[in-house]
Amino acid sequence: TQLLEQSPQFLSIQEGENLTVYCNSSSVFSSLQWYRQEPGEGPVLLVTVVTGGEVKKLKRLTFQFGDARKDSSLHITAAQPGDTGLYLCAGARSSNTGKLIFGQGTTLQVKP
Amino acid sequence: GAVVSQHPSWVICKSGTSVKIECRSLDFQATTMFWYRQFPKQSLMLMATSNEGSKATYEQGVEKDKFLINHASLTLSTLTVTSAHPEDSSFYICSPQGSTDTQYFGPGTRLTVL
């Protein structure tokens, strides 16, 4: 059973377009983290959201944590080829200290 | 972010041999170490969790006698894949955790078993 559903799993868009990646769950998370991973490398932390309804911005990336802390979204404005990579959401359950539950990942390809 | 190193970054071995992967947290003390496995175009799958000085806790379906984890110090953990087989070929990633809840990931080790 996948506790964190991430969609879409693959996205190919043109440079300049906007996109949104979603992570949904029926479970409540104490925090949710978004990572970006390039081929052959480990995931790199982009942001951590901990408060329901929280919105964080990182340049052209906007992250939102759902009010009930069960879902999150990542919105990229005016995507660039350098945004290409695997985006992963991961939730921390308060009952499993430190253990992250990962979504399936979204492979993003931005064409110039 | 924290600095985490893994060695080797890639390794090719023959079927039946054992391979040891090292993970070091270079600028903080890792009280907990998570080991993940990632197959091509898939997400990370947690294999085991270890606390410094204690035995590791393995996820369901992960053989503890095949994937030996040692977490002898707060800055070093090792994963040994014993009697490796082609199906063990994967990308292995460590993730040390210190005093904060934030997890940082190592650069990964690509294992190819022939």
Round to a whole angstrom and tell me the spacing of the C-alpha centers of the range B:27-62 and the range A:20-82.
22
Isolated Cys in chain B by the 4.7 Å beta carbon test?
B:13
In the range A:1-94, which GluC sites (Glu not before Pro) are in a loop and have at most 14 other Cβ atoms within 10 Å, using DSSP for the loop call?
A:15, A:17
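In whole Å and largest first, what semi-axes does the C-alpha gyration tensor of the range A:45-96 yield when each eigenvalue is scaled by 5 and square-rooted?
22, 13, 8
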Two pseudo-spin positions, 7 Å from Cα along C-beta at residue A:75 and at residue B:70, lie apart in nanometres by 5.1
Counting residues in chain A as N, plug N into 2.2 N^0.38 Å and put the Cα Rg over that result.
1.01
Return the carbon/sulfur percentage of the accessible area of chain B, one whole number, probe 1.4 Å, all protein chains in place.
52
Roughly how big is the protein assembly as shown's charge dipole about its Cα centre, with Cβ charges of +1 (Lys, Arg) and -1 (Asp, Glu), in debye to the nearest 20?
80
Result for interface chain B to chain A, accessible surface buried in total, 1.4 Å probe, Å² to 100, stands at 1300
What do you get for GluC sites (Glu not before Pro) in the range B:7-67 restricted to DSSP loop and a cutoff of at most 10 other Cβ within 10 Å of the site's Cβ?
B:63
Only counting protein heavy atoms at a 1.4 Å probe, give the residues of the range B:78-111, ordered by number, whose accessible area falls by 40 Å² or more when the other protein chains are present relative to the chain alone.
B:103, B:105
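Name the shape class, rounded, prolate or oblate, that the alpha-carbon gyration tensor gives for the range B:1-71, where a ≥ b ≥ c are the square roots of its eigenvalues, rounded holds for a/c under 1.5, and otherwise prolate holds if a/b is larger than b/c and oblate otherwise.
rounded
Trypsin sites (Lys or Arg not before Pro), restricted to the range A:11-67: which are DSSP loop and have at most 13 other Cβ atoms within 10 Å?
Values: sites: A:36, A:56, A:57, A:59, A:60; in loops: A:59, A:60.
When the trypsin sites (Lys or Arg not before Pro) of the range A:11-67 are filtered for loop state and at most 13 Cβ neighbours within 10 Å, A:59, A:60 remain.
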Inter-chain shielding metric for A:41-48, i.e. average beta-carbon neighbours from other chains within 10 angstrom, reads 6
Using the Kirkwood formula on the Cα atoms of the protein assembly as shown, what hydrodynamic radius do you get, in angstrom to one decimal?
18.1
Keeping every protein chain present and rolling a 1.4 Å probe, give me the accessible area per residue for the protein assembly as shown in Å².
49
Taking the Cα centre of the range A:1-58 as the origin, how large is its charge dipole in debye, to the nearest 20, when only Lys and Arg (+1) and Asp and Glu (-1) carry charge on their Cβ atoms?
200
May I ask you to derive the FRET efficiency for residue A:44 and residue B:85 from their Cβ-Cβ distance with R0 = 35 Å, giving the value to the nearest 0.05?
0.70
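The values are calculated or read from the model by the stated rules, or taken from the named source; none is laboratory data. The shown structure was predicted, so the numbers you read here are calculated from the model rather than taken from an experiment. Glycine also receives a Cβ, built like all others from the backbone with ideal geometry; neighbour counts cover every protein chain displayed. With ligands, DNA and RNA removed, areas are computed over all heavy atoms of the protein, side chains included. Shrake-Rupley method; radii C 1.70, N 1.55, O 1.52, S 1.80 Å.
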